[in-house]
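Notes for the one structure printed next.
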Amino acid sequence: MFYEDKKLISIVIPCYCEEDALPAFWEEINKTSQNISQADFEFLFVDDGSNDNTVNILRKLAHEDKRVRYISFSRNFGKEAAMYAGLKNAKCDYIAIMDADLQDPPRLLIDMYKGITEEGYDCVALRRTTRKGEPVVRSFFANCYYKLINKISDTEIVDGARDYRLMTRQMVNSILELKEHNRFSKGIFSWVGFKQIPFEYERQERFAGETKYPLKKMLKLASDGIISFSTKPLKILQRGSEIV
Ligand code: UDP
Ligand code: MG
């Protein structure tokens, strides 16, 4: 039941094979929502073509709790597509994106909400302070990647920025105006502007299951970022063709 004077928050949760993490995530996000009594919630789960029990868990949650809705993809399209579908279907005043594995703790939403409603920001965006716990090779390549992309792009791509963020409707509408097929949200969040503030935190261990970002997916995302936010690759190709 929604009350007219209350603000509404949509939580968008992309899920790919998260059957082991979802029950604990649901418990946590439920507790958090009770601690933000000034707002009502909708929980919009996006099942990104999972081949485990994820969709059955979501169906059950939606049946038991009217605040839960879910979208289920016909196959695995990737987290970027899942976030876009979630943002497109979220109808509330404020919209958060949150991973299902509890690495981005739901309880932080309480302070993030204050950042928007009391301090007047359009976006409070989580930024991890360290890469502690991450394989050394992955950290090394991530550091090199952020140095490179920030050198060749006019848009700042914030190292350590997470997709976990709370945004105003206005900012989300601007994000949705960008219809690119291969999305790189870290760049888009920065490119649209608005009054944004980073919220630093120490990233937690994944609650259950494994990362759904194997090397191949990481490399694709990294190249989408460079192609979307820098003209350098095109210029290099152009120069190459002139020489040939
Ligand atoms: N995810 C998704 N589709 C994918 C890969 C991941 O919807 O193809 C979801 C995943 O279920 C999780 C979030 O995106 O809720 C972040 O993924 P993950 O935790 O595997 O990434 P990492 O934290 O290791 O970067
Ligand atoms: Mg994770």
Just give me the residues in the range 34-57 being open to solvent by 10 Å² or more (accessible area, probe 1.4 Å), in contact (Cβ under 8 Å) with a residue 24 or more places away in the chain and under 21 Å from L108 (Cα atoms), in sequence order.
-> N35, Q38, D40, E42
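With the condition kept exactly as written, say whether any residue in the range 143-166 is closer than 17 Å to A222 by Cα, within 16 Å of ligand 2 (Cβ to nearest atom), surrounded by 14 or more Cβ atoms within 10 Å (Cβ to Cβ) and hydrophobic (A, V, I, L, M, F, W, C).
Taking the range 143-166 and keeping what is closer than 17 Å to A222 by Cα, we get 143-163.
Within this subset, residues satisfying the condition of being within 16 Å of ligand 2 (Cβ to nearest atom) are 160-163.
Still in the list and also surrounded by 14 or more Cβ atoms within 10 Å (Cβ to Cβ): 160-163.
Restricting the remaining residues to those that are hydrophobic (A, V, I, L, M, F, W, C) gives 161.
So far as the range 143-166 goes, yes, one or more of its residues are closer than 17 Å to A222 by Cα, within 16 Å of ligand 2 (Cβ to nearest atom), surrounded by 14 or more Cβ atoms within 10 Å (Cβ to Cβ) and hydrophobic (A, V, I, L, M, F, W, C).
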Which listed residue, of L87, L126, is hydrophobic (A, V, I, L, M, F, W, C), touching a residue at least 24 places away in the same chain (Cβ under 8 Å), over 16 Å from I175 (Cβ atoms) and more than 10 Å from ligand 1 (Cβ to nearest atom) | L126
From the residues in the range 20-33 that are more than 24 Å from M171 (Cα to Cα) and without any contact (Cβ under 8 Å) to a residue 60 or more places away in the chain, which one is surrounded by the fewest Cβ atoms within 10 Å (Cβ to Cβ)?
-> E27
Here, helices (runs of 4 or more DSSP H) confined to the range 143-240 with at least 3 residues that are at pLDDT below 90 are 215-229
For I110, all conditions in the list (1) outside any loop (DSSP other than H, G, I, E, B); (2) open to solvent by 40 Å² or more (accessible area, probe 1.4 Å); (3) over 22 Å from D5 (Cα atoms) hold save one; what is the number of the exception?
-> (3)
Just a yes or no: is a residue in the range 186-194 on the phi > 0 side of the Ramachandran plot and open to solvent by 20 Å² or more (accessible area, probe 1.4 Å)?
-> yes
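The values are calculated or read from the model by the stated rules, or taken from the named source; none is laboratory data. The shown structure was predicted, so the numbers you read here are calculated from the model rather than taken from an experiment. Backbone-built Cβ (ideal geometry, glycine too); neighbour counts: all protein chains shown. The protein model used for the area step is the full one, side chains on, heavy atoms only, and it has no ligands, DNA or RNA in it. Shrake-Rupley method; radii C 1.70, N 1.55, O 1.52, S 1.80 Å.
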